[in-house]
Structure formats: structure tokens, C-alpha cells
Amino acid sequence: MISEYDLKPGAGGRAPDVMDMEILDNGQILVVFNRSNRLRVIDVDAAGQLFEVEVPGSSLSDQGFTLPDGRAMQVSAVAAGDHVFTVFLATPPIPGVVSMVYDPDALELRRATNASGAVPHIRRSEFSAPFVGGRVLSITSGSGSDRTVLLSTDRNGFLTWVDVETFSFGFVDLVPLIVGATRDPDSEDFRNPDDNHVDPSRIIDVGNNNIAILNNRSPSVSLSLSLDAEGGLTIDGSSTLSEAYGGTVVGTPSGLRLYTTAGGGFELNRGVHTVVVTELNYDSSNRVWQGGKEDFVVVAEPGGRAAVAGNSSILLEVVGRRRSVVFSETDGVFESAFRIEDVNDERSLLGDGGDPTGIYFDPASGRLYTAVHSCQEDTSTLENRHFLTIVDITDPAVPVLHAEYSVDAGLRWYSVEMSDDRIVILDRLNAAIVTVSNWQTPITASTSHANFGERHPGTYGRIRSGRLRTLADGTDVVLHDTTPDKVLSVFRPGELLSENPVATVHTNTVGQWIFDVHVFDQDRVIAVTWDAKVLILNVRTGVIETIQQLDDLADLDLDLFGIRETSFLNGILSVSSPAAGIVAKFRVDQFTTGIGHHVTLTGIVDAPDVVNTLLTDSGQWVVEANRIRHFRH
């Protein structure tokens, strides 16, 4: 028997964007959401059908308990006697763990209390990043006694443990156990404990005091746990596993087998979605499960990033696998693929670094260039040297090497901006900017570096440089990939090339995270928050002139949330919502008098697997995981 329950409309009449769920011992299901501060309870009736439990204060259009500390990314629960449950919630508005008590008989959700009468917000420090993984686990001590704890991971790279009865807690640093990561600030692999440089996403119970913590940005780890004399959590042994996002363990005649999903971080499988099957072998001396033979099953090779390449073409990246120029002709859409390896000559054997690329079309010459991260093995040291490689892809079938510039191996490429006279690489995690000036003439080109360091004090992570846009007069605007603050740094023309660049910094807390920003006119930039608020900032005055909730412009059937890729051209704004599976297009017009802008919905495209939306002079592009559509004007 299969039963389905539609969680729409959700709080405020918008789709809820489910983040996590927990099945209780009484059969009920607790559900939390990325977009609303609600905890909803789903149950099963005698006929096996799912239904919503109506709780006090809820309605047909706004279901569930209101969480006093805001939305939750993760929920775990454990029976606490007298038919009640202790519920642990990972809350990103104030990152940490909140403890509540759910009473299904009284239909009540209240704060948990300990012997002193209150349970504090559990967090490692004021700089704690959002907690993303969680699991209740019983750990057996050397004396044979058991202790039940909540285990929770955060994006700073720590494993927090909480005693489910006393609410005492502590934490263990995972970074020393992760290959390619360190707390040494002088290392290129440095992970700042006060920034979210690590992304452990799931905790799997392997059994017998062993867990696997899956990490989708770095290698995962297998851990053997125990309790110290004071009842705190300690790690007895560890081993390295492959990157992964989710998974499960099953028993085999010879041991255990770990099945995980991954988004393509593997060197041999970059850019593809895989199921990874890992044989686990028990190391009795260290009491930890070691990763053994791995098999990779490719389940999809979806389109990755995309960028405007010309009036009627785009550049498509399937990261680390292939790159191609996609053209729109009167009789259809055509793709011409190329590889960085195809530009090799006798003196260079370039490999694709698999990072984002820049794109520039020279209207005077008609040439199309792309800026790519490439690497080459140094035969004397057997280590890779890293380059910014400029390739002429006017004819993608015959890519031509234009120039290459050496770059730091520790540079973490996040975005690349390319114009007629310079290329800018932004390193988000290290808050760095690399600029190559006069790139079209390699003999006179120059490279400069800038680092934001601590120039933006305040909330953790405010220095992370994500996107750069340049106004007509050369003013540079950098969007910092941060939350809860939204930070934009404005640099005077040419300032980024100075020895110590100085910016005017504008901050606000409107809406949630911002993925991208665009030039609106000679004085303004436009961006859309994760929760679908369009912001138009005057960079000269620092005033946000427009704040508009985009899905308030239509009826309740328009659910925009989880906004990622956006595009803006000639007063038209296109936004993609992968969670909602749609692309929406709006016209944005400045008020004829006064300050502000009119925003009007002009169209919606159903795109269940949307990756990107792009606007070119010829029309609107919608890039999905396995198809590309072009809608001509």
C-alpha cells in the first residue's frame, strides 16, 4: 500500500520546501522546512492513509507548530517517557541546537527543561555555522553502560554531542580527521573554525559505537566512538571514505557494504551523479570500519553551469567532463562540445581543473574566448601546476590556446568574470580576488591579488567574496556569499588593482541568502534572495530602493523559493527555482517619479530539473539537467 500526502500550501500559502523528517516510536512523522518556521506532524490512520495532525493555532492554510527560534534544517527525536518526546532542532537563524518537548496527547510543543529549569541554546560559539546533520545514537561505555546522545554536525567542521537526558553537551573537531583539511592557518588547506568551510551533511549509524559522517565537499570519515570518565564523547579511531551526500549501510556475509550518493566530486567522475558502493572492512586494532573496494555507478550526467556566450548562444559546463557552446538556430538548438585537453600541443599537456569558467565575446573581432582552470603535472615533483588558461573557442571544434597564466594551487575557484580588458577570479572560501589585466595581449598582461581578510568584521563569514559585477564607469561591486547579513562591497574604478583596495561596504538583513547579483543600470545592482525577494540597491547612496516579494505578484499557485540562478537584461529579470521546478520572468521598470521600481510577472516556464536561466538578445534560455530550451522573443 502506498499513501501520499501533499504538504502544500504550507505556511503563508507557499510551498514549504521540506528539509528533514523524523519518524517517532508512535508512528507519527515530524517534518521541518527550509522556508518556514513550522514543525508539522503527519500521522497514519487505520486504513493506512497519511493525514495532518491539527495542532492548536494551526489552520488549513498554515499548518503545524510555530517554532520560537525560527526554521529548522534538521530534526531528531527520542522518547522521553510519559508518552512524550524530546525533539532536537538545528536552527540556522541562530545556528545551534534547540531542545523541545512534544506531547502528542496534549498536542503541545514546549521548551525542554533540565534540573535547573531551562535548557540553553546549544552551540559551540557565537561563530557557530548552521548545523546540518543529526542522529540520536546509543553509545556503550567500556563498563557496559549505555548513554544516549544526539550527534549533530555543523559547517564549521565540528561534531557536537548532547546527552538527551541531562542536555549536557560538548564537541569534537572533525577537521584533523579529514584528508586535505587542517586548522593550521599557514596551510593552503586551512579551515577557519569560525567559518563554514566544511560541509558534513549526514550521519550514518554503522553499529557497535561506529558512525560514518558523510561530507560532500571533502572526504567523508568513519569514526569509532567511546565515552570518557566524565561521560563525554571521544574518538578512538578514524578512517577516510569517499565524498558523499547521503547513504545507508547493509550487512554482507563478509562485513558491511556502504551505499552512498555523490554529486560528482570524484576525480574520475567529476560532473556526474553517482551511486558509490564501498566494501567496509573492520579494523579490530583501531576498532573502526575501513573503506575498501569502491564501485561507481553513474546514474546521470546532468548539465552543470551555464553562461551567456553571445547574442544567441550560451556556454554549457558539465563540470570536469565537457564544455560546449550551444547555439540557437531557426531549425533548433545545437551543441558543439570541446575539451581543454584538445588544446594541447607538444609543449603542454593540460588537464581540466573542473572549476567555473569565464566567457567573453569580442564584438569587434567576432572572437569568442573562455577562461578556464587547467592543470599540468610537473614531471620533476609529480605535483600539479595550476593555470588560468585562455582559449579561443570561436570554432569550438578547434579550440585554440590564447594564453596561460600561473595561479596558486590553493586558489578555490568560485566564479570567474571576464571582460574586454581583464579577468577576475573570486575565491569564496579564502575571500580572495585574482585579477589579470590586459589579458588579450599576453606580453603586457599583469596579475594582481587582493584578500578581504578581516576588513569586514561582524557576523561570521561576511568576508566571503562570491560574485563581481562592473558598472559602466568601471565601479566594481562584489557580492559576499553570506547570511544572515547580505554584504555588497563597492570599489571605485581601478581600486581592485591597488596594493590595498578599499571598499564602501553596504549591508542589510532583508530576506535570506543571495546567490547572484546583476547590473541594473549605471548606478544600481539587482539581486534576488533565496526566499524570492528582489532587491535593487543604489550603490552610490547605499539605499535599497526596492524590496518586492516576487511570488506575491500572482495567485497562490506561484511558489518561488530556493532561488539560485538568475539573469537580467534590458529590464527583464528571469529567476530559477529548482525546488519549485519553475522559471519565472518579470519586467522591472523604474518609477517615473520618486524612488522605487514596478515589478510585473510576465511569464512562467515549468522546468522540473532547472539548472539555470539565461537571457540573451535572441530570447530566454532554460537549462535543465538533461535538456536545454530556447524561447525566442
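Within region 500-515, can one find any residue that is touching a Pro at 6+ places or on another chain (Cβ under 7 Å), surrounded by fewer than 16 Cβ atoms within 10 Å (Cβ to Cβ) and touching a residue at least 12 places away in the same chain (Cβ under 8 Å)? For region 500-515, residues touching a Pro at 6+ places or on another chain (Cβ under 7 Å), surrounded by fewer than 16 Cβ atoms within 10 Å (Cβ to Cβ) and touching a residue at least 12 places away in the same chain (Cβ under 8 Å): present. Residues in region 564-600 that are of a type in the set (S, T, N, Q) and under 22 Å from the mean Cα position of the chain (by Cα): 566, 567, 574, 576, 577.
Okay, residues lined up against (1) β-branched (Val, Ile, Thr); (2) at positive phi; (3) modelled with pLDDT under 75:
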| site | (1), (2), (3) |
| --- | --- |
| 424 | yes, no, no |
| 435 | yes, no, no |
| 439 | no, no, no |
| 449 | no, no, no |
| 462 | no, no, yes |
| 466 | no, no, no |
| 470 | yes, no, no |
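Within region 173-195, residues that are under 14 Å from residue 223 (Cβ atoms) reach partners that are of a type in the set (D, E, K, R) and assigned to a loop (DSSP other than H, G, I, E, B) with beta carbons closer than 9 Å, at six or more positions or on different chains, in the pairs 173/183; 175/183; 175/191; 176/183; 178/191. Of the residues examined, residue 143 is one that is without any contact (Cβ under 8 Å) to a residue 60 or more places away in the chain, assigned to a loop (DSSP other than H, G, I, E, B) and either among the small types (Gly, Ala, Ser) or open to solvent by less than 10 Å² (accessible area, probe 1.4 Å) (or both). The set of residues in region 564-576 being closer than 19 Å to residue 481 by Cα, assigned to a loop (DSSP other than H, G, I, E, B) and touching a Lys or Arg at 6+ places or on another chain (Cβ under 9 Å) consists of 565 alone.
Scanning region 160-188 for residues being open to solvent by 50 Å² or more (accessible area, probe 1.4 Å), among the acidic types (Asp, Glu) and farther than 22 Å from residue 101 by Cβ gives a total of 3. Within region 154-169, restricting attention to residues that are out of contact with any Asp or Glu (no Cβ under 9 Å at 6 or more places or on another chain) and outside any loop (DSSP other than H, G, I, E, B), which residue is modelled with the lowest pLDDT? Restricting to residues being out of contact with any Asp or Glu (no Cβ under 9 Å at 6 or more places or on another chain) and outside any loop (DSSP other than H, G, I, E, B), the top hit is 154. Here residue 303 passes the criteria (1) modelled with pLDDT under 80; (2) open to solvent by 30 Å² or more (accessible area, probe 1.4 Å) except the one numbered (2).
The residues on offer are 156, 215, and the sole one that is buried (at least 24 other Cβ atoms within 10 Å of the Cβ), touching a His at 6+ places or on another chain (Cβ under 9 Å) and within 23 Å of residue 482 (Cα to Cα) is 156. In region 177-221, the residue that is farthest from residue 131 (Cα to Cα) out of those that are among the basic types (Lys, Arg) and assigned to a loop (DSSP other than H, G, I, E, B) is 183.
The values are calculated or read from the model by the stated rules, or taken from the named source; none is laboratory data. Predicted model, so just to flag it, every value in this text is computed and none were measured. Quick reminder, even Gly has a Cβ in these numbers, built from the backbone with ideal geometry, and neighbours come from all protein chains shown. Calculation scope for accessible area: heavy atoms of the full protein, side chains included, ligands and nucleic acids excluded. Shrake-Rupley method; radii C 1.70, N 1.55, O 1.52, S 1.80 Å.
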